[in-house]
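Here is the structure we will look at.
The values are calculated or read from the model by the stated rules, or taken from the named source; none is laboratory data. All figures in this text were calculated on a predicted structure; none of them were measured in a lab. Cβ: placed from backbone, ideal geometry, glycine included. Neighbour counts: every protein chain shown. Side chains included, ligands, DNA and RNA excluded: accessible areas come from the protein's heavy atoms. Shrake-Rupley method; radii C 1.70, N 1.55, O 1.52, S 1.80 Å.
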Amino acid sequence: MLSPDEVKHIALLSRIGLKDDEVPRYQKDLSAVFDFFSELEKLPTDGIAPIGHITGRTDVMRQDNEESFESGGKEQVMKNAPDTKDGFLKVKSVF
């Protein structure tokens, strides 16, 4: 079982504000999690290739090609915009 000091250290590293009366509960819960990881470490993994994700995809980036905006496209966008001014989209001020 984790010591109270170890629980407080983990909480500090995790940026979790932990009160003293919460330490025993986290001590029990975190110890159970770490015990489960200990069980997983016992499993035989020889011959199993490590993976980064389960999809098997590699480099799904598309080409960055320029596409022309068809004539009338700007007018369609401006018609759907909630507010425009002098041919531009008007948005709320950020600063």
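Number of residues in the stretch 1-31 that are surrounded by 11 or more Cβ atoms within 10 Å (Cβ to Cβ) and small (Gly, Ala, Ser): the value is 3. Of everything in the stretch 41-95 that is at positive phi and under 25 Å from the mean Cα position of the chain (by Cα), the residue that is least open to solvent (accessible area, probe 1.4 Å) is 56.
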